[in-house]
Structures are given as structure tokens and as C-alpha cells.
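Each remark here refers to the structure printed beneath this line.
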Amino acid sequence: MAASGIPQGLAVLTGAGISADSGVPTFRGEHGLWRNFHPQELATLAAFCRDPALVWEWYEWRRGLIGDCQPNAAHRTLVKMEGAIPQFTLITQNVDGLHRLAGSQRVVELHGNIWQVRCMQEGTVTERRDHPLPEIPPRCECGALLRPDVVWFGESLPPDTLQAAFDAAQSCQVMLVVGTSGVVEPAASLPRIAKGCGARVVEVNVEATPISRYADETILGLASIELPRLWTRWQALP
Ligand code: OAD
């Protein structure tokens, strides 16, 4: 494979930055705050047990913001890459569902999906796209509280999901890292694992991150501009 041609095995790791150009606030950006709470204060089981209505009000705010957002050119470029690259895995930390909405098929949602709820008693997962929810906090038919089906701080990632991400990182030729600050584990380790297994690491971000230190290439710019450009460049080379 040429350093810049189309890789035959591509793993992509995305973070909040890829959805920023769709209008979804990032976690650590200036618009990530709600009523002066940091996400780390609300996205925990302890916060939910203490005040489920407060946590759900925050999720309703986020669901409202995301519900109006559409995939952008970066999401759409990854759909094109998936169609052209035999070994392709998209690993996302985002819970917004925009990759699937854009048409991506092979998506590993590491941190869950904000449009799904999980019964605290039975563990059953169902889709809830209605917004605003008629009842805050929402309840399951069994009477137990429903929680967003997302991974909170201090919680483990589902083992199958994590294994799929590690497998992709260990077997890819190129790992493309888009719009993540690279500070939340275990996602942050995936590019390093890929690099350790011989993959080339290409990063797209508006600023340098801890991943930039070992990435083979860091492209500074907006994901919605730079990803289509990168795809054009890869296609142009043998
Ligand atoms: P962050 O908010 O930490 O980082 C977003 C990254 O996107 C930053 O590095 C920005 O520089 C970059 N960025 C912003 N706008 C961009 C654009 N238009 N194009 C390209 N890059 C851009 O979000 P994540 O790294 O996704 O976890 O955060 C990781 C995890 O931390 C989240 O999944 C969430 C959070 O706590 C859980 O909820 C478990």
C-alpha cells in the first residue's frame, strides 16, 4: 500500500468533533455545558440514582439538540469509504446516531446510543426517538426507571463492543482518527494499539491532541472539509 493510497484495511475512530460541523456540541468545548454542569457530573450512575429527573432533563436537552442535526460531509465520506474498502470498521464514541443516519453499516458504538433506553430492572433495550418524552424520568412498562442506553463515567464498556474495536485496531493497515480529544479510555488507546501492530495512524482534528505525538500524519482542519479532501487524495493515488 502506498502511504497515501486507498488502504485495504481501514479502522476509523470518531469522536464528538466529527459531529461538531452538524451542530452537536462537543464534550470539552465551550458549548458542552448545560446549566453549568460538566458532563462528568451528570453522566454517572451515582448522579442518576441521586436525581434521575435532573439527568434525564440533561439528556432531553441533548436529544433535542441532536434531533435537529443532520450528518455532514465527514459522515458521508465515511459511508463512501465503507463502500470502497473491503476491511472497514467504524468505531465511534458518539452516541448521536449520525453515522447510521448517514448510511454507515458497520458501526461499533462504543458508548451506546442516545436514542435507546434501558430498563434499570430488566436490562431490556428499546428505541425511544420521541422527543420530548411524555414523562420525566421515563419508566418501563414493568414500572422500573429507564436510563439512556449509554456508557457513563465509571462504567465498563460492553465486552463484545470493546472486543470488536480491539480486533479492528489490531488488524487494520490504517487507523483514521477523527475529532476526538483522545483523553477518554479505552477509546484513546485504540490508535496506539493500531500503531503498535504496524498500522499507519492518520488524525484529523482542529487542534493537536495527545494522539498527534505518535500519529504518522495529523491534518489540522474541520472534519467536514478535510475528510472529503483526504478521500479524494487517497483515490487519486495508486
Ligand atoms: P471531546 O469534546 O473531548 O473532543 C472533541 C475533539 O474534536 C477535540 O479534540 C476538538 O479539537 C475536535 N474538534 C472540534 N470540532 C472539530 C471539527 N469541526 N473537526 C474536527 N475536529 C474537531 O469529545 P470526544 O473526544 O468524543 O464519553 O470525547 C470522548 C468521550 O468523552 C465522549 O464519548 C464522552 C465524553 O465524556 C462518554 O460519555 C462515556
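The values are calculated or read from the model by the stated rules, or taken from the named source; none is laboratory data. Note that this is a predicted model, so its numbers are computed, not measured. Here Cβ is always computed from backbone atoms with ideal geometry, including for glycine, and neighbour counts include all displayed protein chains. Calculation scope for accessible area: heavy atoms of the full protein, side chains included, ligands and nucleic acids excluded. Shrake-Rupley method; radii C 1.70, N 1.55, O 1.52, S 1.80 Å.
The residues listed here are A165, A188, A169; of these, the one that is over 13 Å from the mean Cα position of the chain (by Cα) and either at pLDDT below 95 or open to solvent by less than 50 Å² (accessible area, probe 1.4 Å) (or both) is A169. Counting the residues of region 169-186 that are within 20 Å of L227 (Cα to Cα) and outside any loop (DSSP other than H, G, I, E, B) gives 6.
Taken across region 86-106, residues that are within 12 Å of the ligand (Cβ to nearest atom) and modelled with pLDDT under 95 do not occur at all. Comparison of A43, A74 shows that the only residue that is aliphatic (A, V, I, L, M) and in contact with a Phe, Trp or Tyr (Cβ under 9 Å, 6 or more places away or on another chain) is A43.
The requirement of being in the same structural domain as R35 (by TED's automatic domain parsing), away from the ligand (no atom under 14 Å from the Cβ) and of a type in the set (D, E, K, R) is satisfied by R139. Among the residues of region 187-218, the ones that are among the aliphatic types (A, V, I, L, M) and either away from the ligand (no atom under 13 Å from the Cβ) or not in a helix (DSSP H, G or I) (or both) come to 9 in all. Name the residues in region 107-135 that are away from the ligand (no atom under 16 Å from the Cβ), outside any strand (DSSP E or B) and either under 20 Å from F153 (Cβ atoms) or not hydroxyl-bearing (S, T, Y) (or both), would you? Across region 107-135, the qualifying residues are M120, Q121, E122, G123, R128, R129, D130, H131, P132, L133, P134, E135.
In region 210-238, the residues that are over 21 Å from R76 (Cβ atoms) form Cβ pairs under 7 Å with partners that are outside any loop (DSSP other than H, G, I, E, B) and of a type in the set (G, A, S), at six or more places apart or across chains, as follows: T218/S212. When region 97-128 is filtered for residues that are over 18 Å from E141 (Cα atoms) and hydroxyl-bearing (S, T, Y), only S104 remains. Of the numbered criteria (1) at pLDDT 95 or above; (2) surrounded by fewer than 22 Cβ atoms within 10 Å (Cβ to Cβ), the one V178 fails is (2). Set side by side, the residues L78, L45 differ, and just one is within 16 Å of the ligand (Cβ to nearest atom), under 19 Å from the mean Cα position of the chain (by Cα) and not basic (K, R), which is L78.
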